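Below is one structure, written out as structure tokens, with a few remarks after it.
Every number here is computed from the coordinates shown, using simple stated rules; none is lab data. All figures in this text were calculated on a predicted structure; none of them were measured in a lab. So basically every Cβ, Gly included, is an ideal-geometry build from the backbone, and we count neighbours across all protein chains shown.
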Amino acid sequence: MSDSKAKEPVAAAMNEIQKNAGTKKKVTIVVFSGELDKVLAAFNIATGAASMGMECTLFFTFWGLNVLKKNDAKNTASGLMKRMLGRMNKGGSQRLPLSKFHMRGLGTWMMKKLMSQHKMPTVDEMISLSKELGVQFMACTITMGIMGIEKEALRPEIDKFVGVVTYLAEAQESSVNLFI
Amino acid sequence: MEETVEIGDKTIKVDAELDCFGLLCPMPIVKTAAKVKEIDVGQVLKVASTDLGIKEDMPVWCAETGNEFLGVKEADGEYFVYLRRLV
């Protein structure tokens, strides 16, 4: 076998790599949790990915939707159970508890203090930074329905109100897909 | 005065500097990505950071974004990373 023939598959593989080099890599993150620490982890990955030139989509669902609730949103849910849920699960970027050591707010307050000492961005700052970097925000309409959350109660940074199919279509094209 | 840095056996001129002291991951990378867009292709950026992770992260970031990682100098927990904008 001649030398040039042996190199052909390698050359073909290299061509493939070079072709793919031009296409953008994608990250999709399901933000299911509504806790400060987990949400910040999601935003860290999202802003890092966007800074690496990757396309990034955050899909906010269930407790994660609390991140995108306005801090001064009115509880407009109808029906006893939804109203009760809205009252106990107020949400809002500034109200997210820690997943550990919340201690009726004391632990979370201390963690926020530590984070600001280390110049870590707040959730609000992470939301605007993500938008500046072109991160796409999707809100889960199923959660909105169950919890009685109206569009008006959510922040304007949301790009799309979608169901699971749109998320899956995005995830299918992504090389990184996380559930937080 | 013009700043230069010795990397290997080369002397490289530094065109711009980015102060990321005290910032934690991913902020140095986020700021670097923004700063690199401000300098010209071919110019050298110096990133000053106290984040240990930057030593590993910056070469990877450069490789992923198609820029040239020149090297890193460290002293007393301070890291100075040098990279050249290529794209």
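Normalised by 2.2 N^0.38 Å, where N is the number of residues, the C-alpha radius of gyration of chain B stands at 0.98.
In region B:3-84, Cα pairs under 8 Å separated by at least six residues give a relative contact order of 29 percent. How much net charge surrounds B:Lys55 when only the other residues with a Cβ under 13 Å from the Cβ of B:Lys55 are counted, with Lys and Arg +1 and Asp and Glu -1? Once positives and negatives cancel, what remains is -4. Seen from A:Ala77, the other residues with C-beta closer than 10 Å to its C-beta sum to a net charge of +3, counting Lys and Arg as +1 and Asp and Glu as -1. Inter-part distance, region B:1-77 to region A:114-170, computed on C-alpha centroids, equals 31 Å. What shape does the protein assembly as shown take by its C-alpha gyration tensor, where a ≥ b ≥ c are the square roots of the eigenvalues and a/c under 1.5 counts as rounded, a/b above b/c as prolate, and the rest as oblate? Oblate is the answer for the protein assembly as shown, as a/c is 1.5 or above yet b/c matches or exceeds a/b.
Secondary structure note: in region A:24-179, about 5% of the DSSP beta bridges are antiparallel. Electrostatic tally near B:Glu74: other residues with Cβ closer than 12 Å to its Cβ, Lys and Arg +1, Asp and Glu -1, net -1.
Annotation: amide H of A:Val135 has no partner in the under-5 Å range at sequence separation 5 or more or interchain, hydrogens built in the peptide plane.
Exposure proxy shown here: for A:Ile158, B:Ile54, A:Ile142, the number of other Cβ atoms within 10 Å sets the order, fewest to most, as A:Ile142, A:Ile158, B:Ile54. Which of the residue pairs A:Lys25/A:Lys160; A:Lys25/A:Lys151; A:Lys70/A:Lys119; A:Lys70/A:Lys160; B:Lys13/B:Lys37 have a Cα-Cα distance greater than 26 Å in the structure shown? Table pairs above 26 Å Cα-Cα are A:Lys25/A:Lys151.
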